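Structure record follows, encoded as structure tokens.
Each value in this text was obtained by applying a stated rule to the coordinates, not by laboratory testing. Since we're looking at a predicted model, the values are computed, not measured. Please note: Cβ atoms are built from the backbone with ideal geometry, for glycine as well, and neighbour counts cover all protein chains shown.
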Amino acid sequence: MNSPMTRAVQIDQPGGPEQMRIVQVPVGEPGPGEVRIRHHAIGLNFIDVYQRSGLYPLPMPLRLGMEGAGVIEAVGEGVSHLRVGDRAAYASQPPGSYCDARVMPAMNVCRLPDAIAFEEGAAMMLKGLTAQYLLKHCKPVEGLQPGDFVLFHAAAGGVGLIACQWARALGLQLIGTAGSDEKCELARANGAAHVINYRTEDFAARVKAITGGKGVKVVYDSVGKDTWDASLDCLAPFGLMVTFGNASGPVPPFAPAVLAAKGSIYVTRQTLFSHITSRERTQAMADDLFAVVASGQVKIHVAQRYPLEQVQAAHRSLEARQTIGSTVLIP
């Protein structure tokens, strides 16, 4: 019996968006601990760009995509939390979500509540779980209390808009940066207490003014090289610099003595996949995310939709920082 085939986006070598092509590949049956899911929507994330470009080197040929939502078609031995016909969503290793259907590990696949649409599910798992671990698990040594100031770069992006809303729900005063007045207003409308257009303003000076010269307890930074030095200047003594992405390029090496000079500050480089290393932890984080979305305190903004065959255009828009909120691919 021939295995059914699926379309999948694959690259044979690192490079620009033009390296991505759609190929036909067999789907197969799930083995122990695996499921087969048919996608209704697929999430687009900057990590996909890093993997495509070679910034995060992976074996070739490579199928891209870390996030998706759809319906479970088959369940392998030992999988008890999912059944055939379940609506489901995930952010998961290994890559490969840019496809119609796939067989994948079940550990990070979660049942999607009926109240959450497939497009929202595909747009919220990687970005929403990232916002969850940033705000709940990446705290300064002195903790975070309602009223505390935090700085969040790219506040109008997919992770940023979720973080703005969630921070407001937690009582934090989030200062959001973005690259246009339109994006700044979007961040403000979603809960940012203050907004800064980093293209027209010195964000470090503005942060010091907003905080009465004290600085913020935490900086959450997915931009990387362009914002690094000034971000360190925004921190209060014993503050925490959380870097979780490199949209402008990787941060160059720096001397640890710099951290002492700027107030005995802390630095951590985070990735979601360190946080979702077990079924139980993944589910607990997802339950927290689903609850805050179901409550209405966090709304998922799907602002761009592309057919799967237009994946190159979707990547170009993301890299040019032309997107707001989340982008999904539709199989």
Write down the Å³ per residue value for the convex hull defined by the alpha carbon atoms of region 139-269. 91 Å³
Order by protection proxy (mean Cβ within 10 Å, highest first), peptides 15-28, 147-160, 190-203: 147-160, 190-203, 15-28
Which of P253, G179, M285 sits closest to the plus end of the dipole of the chain, meaning its Cα is farthest towards the positive end, when Lys and Arg get +1 and Asp and Glu get -1 on the C-beta? P253
What value in Å³ per residue do you get for the convex hull of the alpha-carbon atoms in region 63-186? 146 Å³
Sorted from largest to smallest, which semi-axis lengths in Å does the alpha carbon gyration tensor of region 253-331 give for its equivalent ellipsoid, taking the root of 5 times each eigenvalue? 32, 23, 14
Rounded to the nearest 5, what % of DSSP beta bridges with both residues in the chain are antiparallel? 55 percent
Which pairs break 22 Å Cα to Cα here: K136/K217; K139/K299; K225/K262; K217/K262; K139/K262? K139/K299
Helix runs (DSSP H) in the chain reaching 20 Å along axis by Cα, Kyte-Doolittle at least 0.0: 118-137, 279-294
Within region 139-269, percent of DSSP bridges classed antiparallel, to nearest 5: 0 percent
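When the dipole is taken about the Cα centre of region 139-269, and only Lys, Arg (+1) and Asp, Glu (-1) are charged at their Cβ, what size is it in debye, to the nearest 20? Walk me through the numbers on the way to the answer.
Values: 12 positive and 11 negative charges, 49 e Å.
I would put it at about 240 debye.
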